[in-house]
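The block underneath contains the structure these notes are about, expressed in structure tokens.
The values are calculated or read from the model by the stated rules, or taken from the named source; none is laboratory data. Just so it is clear, the model here is predicted, and its values are computed rather than measured. When we count neighbours, we look across all protein chains shown, and the Cβ atoms used for this are built from the backbone with ideal geometry, even at glycine. Just the protein is used for accessible areas: all its heavy atoms, side chains included, with ligands, DNA and RNA removed. Shrake-Rupley method; radii C 1.70, N 1.55, O 1.52, S 1.80 Å.
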Amino acid sequence: MIDSTPDSDARVDSLRRRIDDALIDCLSDRAPDLMYDPIRYVLRGGGKRVRPLIVMLVSQAYGAEDEDVLDVALAVEIFHNFTLVHDDIMDEATERRGRSSVHVKWDEGTAILAGDLMLALSYELLTASEALPARPLLAIYNRMVEQLCIGQRLDTHFETTADVSVEDYLEMIDGKTAALLSACFELGAVAGGASDDHVAMLAEAGRQAGRAFQIQDDLLDVTADDENWGKAVGGDLKNGKRTYVTLKAFEAADGDEREWFSRLLDGGISVDEVPEARRRMQALGVFDEARSAVASYTEDAFDRLSVLPDTAATHHLMWLLEKLQARSH
């Protein structure tokens, strides 16, 4: 594994600020405000900008110019935020990143249209640079969209399915979460002119990193500090969602304990019961298992990322992935 460099924090932060500014700039002349204000609201809502950072750092590792790749990075971030807008409608979530969801601040119809337009803007940006090959980028993107939609459908299907296994869940997040991360590595590699073998290896690295990212998300939904998490801790528990930690708890439990988690998965629990769920999961060793899985999938991703050229951008990318693995909110 390639070690990070002391200036990785500053370099990644600089790239993140550039992405933030460019996201707003690309909408500066768009009208009418009636349609674009909800989109600006979403894009000003913050976020770690992990996906566009991956695109830019991977492409930089292969020698690509920032200006040629920036629009592709913006495309994946706008696409990601489009999925969040629609996810919030489907999940009836009232908050996102500590602010009202779009369908709450405006209305459901506006949120649907804003998401649809963000999808279109994403495609527009993906192929905006004449310096990059449009057809390979579109092929990766279209495959990603299909996988993500299938993953999202599986997620909603699992809500009413009794016999969902941890393996079923991992297959689902390969679409819902890992598909976009995998595409970010692929897009960055293609933009940088990497060989087909490298593109394939990086795509698999992204899938492994996506699994790690989602399992860490599931863990933090139960264990994070509510103030920093940006949404109510225990939301998945209250909604009875099948997640890595809830399914692991159900599989590990027996007797009355199994009945308790069966009730959780059958319709959710009250906010007052969230600390009890946390205590039971801790006793079953679920949190330790989740942390071990995050470490294992992250290590698999790092092994595949060894194909990247030994450049400063590669070091910064490794630093970023290590931070994601260790994040507490």
| message | Please determine whether any residue of region 191-209 is of a type in the set (Asp, Glu) and closer than 30 Å to Tyr36 by Cβ. | response | no
| query | Which of the residues belonging to region 63-75 are surrounded by fewer than 22 Cβ atoms within 10 Å (Cβ to Cβ) and not in a helix (DSSP H, G or I)? | reply | Gly63, Glu65
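I'm checking my understanding of the structure. Among residues of region 183-194 that are assigned to a loop (DSSP other than H, G, I, E, B) and not aliphatic (A, V, I, L, M), which one is most open to solvent (accessible area, probe 1.4 Å)? Before you say what the answer is, go through the steps one by one.
First pass over region 183-194, keeping only residues assigned to a loop (DSSP other than H, G, I, E, B): 192-194.
Narrowing the set further to residues that are not aliphatic (A, V, I, L, M) leaves 192-193.
Numbers: Gly192: 17, Gly193: 62 Å².
The qualifying residue most open to solvent (accessible area, probe 1.4 Å) is Gly193.
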| Pick from Asp272, Asp236, Asp266: which is open to solvent by less than 60 Å² (accessible area, probe 1.4 Å) and either under 17 Å from Ala212 (Cβ atoms) or at pLDDT below 95 (or both)? | Asp236
| task | State which residue is farthest from Arg51 (Cα to Cα) when the search covers only region 195-229 and only residues that are open to solvent by 20 Å² or more (accessible area, probe 1.4 Å) and outside any helix (DSSP H, G or I). | result | Asp225
| Residue list for region 26-60, filter: touching a helix residue (DSSP H, G or I) at 6+ places or on another chain (Cβ under 8 Å), aliphatic (A, V, I, L, M) and exposed (fewer than 15 other Cβ atoms within 10 Å of the Cβ) | Met35
| Which residue, of Glu322, Glu299, is loosely packed, with under 15 Cβ neighbours inside 10 Å and modelled with pLDDT under 95? | Glu299
| task | Under 6 Å between Cβ atoms, at least 6 apart or on separate chains: pull out the pairs that start in region 279-300 with a residue that is closer than 18 Å to Leu181 by Cα and acidic (Asp, Glu) and end on any residue that is at pLDDT 95 or above and open to solvent by less than 40 Å² (accessible area, probe 1.4 Å). | result | Asp300/Gln208
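Of all residues being charged (D, E, K, R) and touching an Asp or Glu at 6+ places or on another chain (Cβ under 9 Å) in region 88-116, which is most open to solvent (accessible area, probe 1.4 Å)? Just the residue, please.
The residue in question is Glu95.
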| Would you say Ala134 is of a type in the set (A, V, I, L, M, F, W, C), at pLDDT 95 or above, over 25 Å from Asp300 (Cα atoms) and surrounded by fewer than 21 Cβ atoms within 10 Å (Cβ to Cβ)? | yes
